[in-house]
1. Around D123, under 14 Å between beta carbons, what's the net of Lys plus Arg minus Asp minus Glu among the other residues?
2. At 0.890 mPa s and 25 °C, plugging the Kirkwood radius over alpha-carbon pairs of the stretch 102-187 into Stokes-Einstein gives what diffusion coefficient in µm²/s?
3. Using mean Cβ contacts within 10 Å as the protection proxy, how do 80-87, 37-44, 175-182 order, highest first?
4. Where does each of 108-121, 137-150 land if you order them by average Cβ count within 10 Å, highest first?
5. Cα atoms only: what Rg and Dmax, in Å, come out for the stretch 22-184?
Amino acid sequence: MTRGLHVVRWSPYALAAALALTTGLTLAAQTLDMTAAEFAALRTQPLPAEAAGGSEDLVIRVPDAVSPTAPRPVSAPALPLLARTALPIAAVRERDPQLSSERLVVIAFTPDGTVADWRVAADPRIVRAEQPDQTGLLSGQVLRRTGADLHVTIAMLPSISQIRVYQPRWNGAAFDLELVGSVDVRR
């Protein structure tokens, strides 16, 4: 018989935050996905001061979209970095980015798992088409491309080592983020 035993289940992000608060250390996130609450907390973090020095435009090949019911990969698939261009302007985030199933979330991590920057970008795999019918009435259709390239601008911080790309998925109450893949961007 056990008495006084209380089991608490922590997400790795909450555990990392608690560890950082109590010890000043950070822990690399070990899960593939991020909850809506974890992303909401992330949105409140300001850009580091050194982000004002410039930004980088990254071109990342994004794989085909997978069904939400498909089995999840055990590890993050590696995505190819096709191009990297330094820009002399500071990176600026959207004031109130809205998540949807037609957008992607890009998060930049340092080697110790700390979030350095994040962006919400249009999903390049989605193309909208409109055509008139016989009467001239326009009707729309959403098409999904394969092998699309994601263009995203992030802060040019030397500490960034990995970029993770997430697909928002509606859970019935909010958008959780499912990992699409990651890119090693160490110089």
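Just so you know, all these numbers are worked out from the coordinates, no wet-lab data involved. Bear in mind the structure is a predicted one, so any value in this text is a computation, not a measurement. Virtual Cβ from ideal backbone geometry, glycine too; neighbours counted across all protein chains shown.
1. Details: positive: R61, R103, R119, R125, R128, R144, R145, R169; negative: D64, E102, D149, E178.
Once all neighbours under 14 Å are counted, the net charge is +4.
2. Details: Rh = 15.1 Å.
Approximately 163 µm²/s, per Stokes-Einstein.
3. 175-182, 37-44, 80-87
4. Numbers: 108-121: 19.0, 137-150: 11.2.
Result, highest mean Cβ count within 10 Å first: 108-121, 137-150.
5. Values for the stretch 22-184 (Cα only, Rg and Dmax): 17.3, 68 Å.
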